[in-house]
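Here the structure is laid out as structure tokens; the discussion comes afterwards.
Only the coordinates and a few stated rules stand behind these numbers; no lab work does. These numbers come from a predicted model, not from an experiment. FYI the Cβ positions are ideal-geometry reconstructions off the backbone, even for glycines, and counts take in every protein chain you see.
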Amino acid sequence: MKTLVILAHPNMTTSRVNRRWKKELEQHPDEVNIHELYKAYPDWNIDIAHEQELLEAHDHIILQFPFYWYSYPPLLKKWLDEVFTHGWAYGSKGNRLHGKRMGLAITIGDQRENYGKGQPVGFSVEELIAPFKASMNHVGVTALPHYAVFGASFQASDEEINHSAEAYIQYIKAFK
Ligand SMILES: Cc1cc2nc3c(=O)[nH]c(=O)nc-3n(C[C@H](O)[C@H](O)[C@H](O)COP(=O)(O)O)c2cc1C
């Protein structure tokens, strides 16, 4: 079964890293289905039934996005709010995601050394994504280790970004 990558970037035309990662994913059509939220829903009117069908058809799901204010871009938050419904994802009869595996692939603008206790950001990425893990626990999904590239705004060289794209597909394969 293929991996479903839910890609949420509000402006892929100006993106450097997510665009490169997407290009890498496109070279593995037998392994990955890419679903771009901002492209599918320019009006932000999410087709909930379609999104639930997509999720039900995959056991391994990656949410790919740029880190925005230590969190997701807003359409991805809306997607979570609307698609993970009571009676479908949680509640006494909500078991449709049970047993699936989900991971985050995050492009992070700031440099690695600025994250962590005593550093300018004050928290590690692991700590900042705790709401995602709690959400996965709530809907019976195994939260996989995340994949991230730092320095995605300016510091990362083209070579580093190319390397991160190759490592990204390896990350996907490792948790299939
Ligand atoms: C609205 C906004 C919020 C951002 N917030 C953060 C942040 O909290 N932490 C961080 O390290 N980078 C932050 N950045 C930088 C982005 O993470 C970075 O530009 C992006 O990951 C680069 O990927 P791209 O080339 O695919 O756009 C932010 C950028 C924008 C536009």
Straight-line reach from residue 100: which aspartates and glutamates fall under 19 Å, measuring Cα to Cα and dropping same-chain residues less than 8 apart?
31, 51, 53, 56, 59, 81, 82
Ranked by GNM mean-square fluctuation in the chain (Cα springs under 10 Å), the top entry among 150, 84, 123 is 123
Residues meeting the amide H criterion for residue 105 (H placed from the backbone, H to H distance under 5 Å, 5 or more places apart or on another chain) are 63, 64, 65, 147
Computed over the chain, the relative contact order (Cα-Cα under 8 Å, seq sep at least six) in percent reads 24
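Full-extension gain between residue 82 and residue 53, please, as 0.36 nm times their residue separation minus the C-alpha to C-alpha distance.
Working: separation 29, 0.36 × 29 = 10.44 nm, distance 1.36 nm.
Residue separation times 0.36 nm, minus the Cα-Cα distance, leaves 9.1 nm.
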Using a Förster distance of 22 angstrom, determine the FRET efficiency expected from the C-beta separation of residue 160 and residue 31, and round it to 0.05.
0.45
Under 23 Å from the Cα of residue 39, which lysines turn up, not counting those fewer than eight places away in the same chain?
2, 22, 23, 77, 78
Taking 7 Å along the Cα-to-C-beta vector as the label spot, tell me the residue 133-residue 117 distance in nanometres, rounded to one decimal.
1.5
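So what's the convex hull volume per residue for the Cα atoms of segment 79-172, in Å³? List each step's numbers first, then the result.
Numbers: hull volume 10.4 nm³, N = 94.
Spread over its residues, the Cα hull of segment 79-172 gives 111 Å³ apiece.
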If I take all pairs of Cα atoms in the chain, what percentage of them are more than 27 Å from each other?
24
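Based on DSSP H runs of at least 4 residues, each adding -39500 (n - 2.57), what is the mean residue ellipticity at 222 nm of the chain after dividing by all its residues, to the nearest 500 deg cm²/dmol?
Calculated mean residue ellipticity at 222 nm is -10000 deg cm²/dmol.
Tell me the net charge near residue 75. Cut-off is 15 Å between Cβ atoms, residue 75 excluded, with +1 for each Lys or Arg and -1 for each Asp or Glu.
Here the charged neighbours net out to -3.
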Rounded to the nearest 0.05, what FRET efficiency do residue 70 and residue 44 have when you use their Cβ-Cβ distance and R0 = 25 Å?
0.70
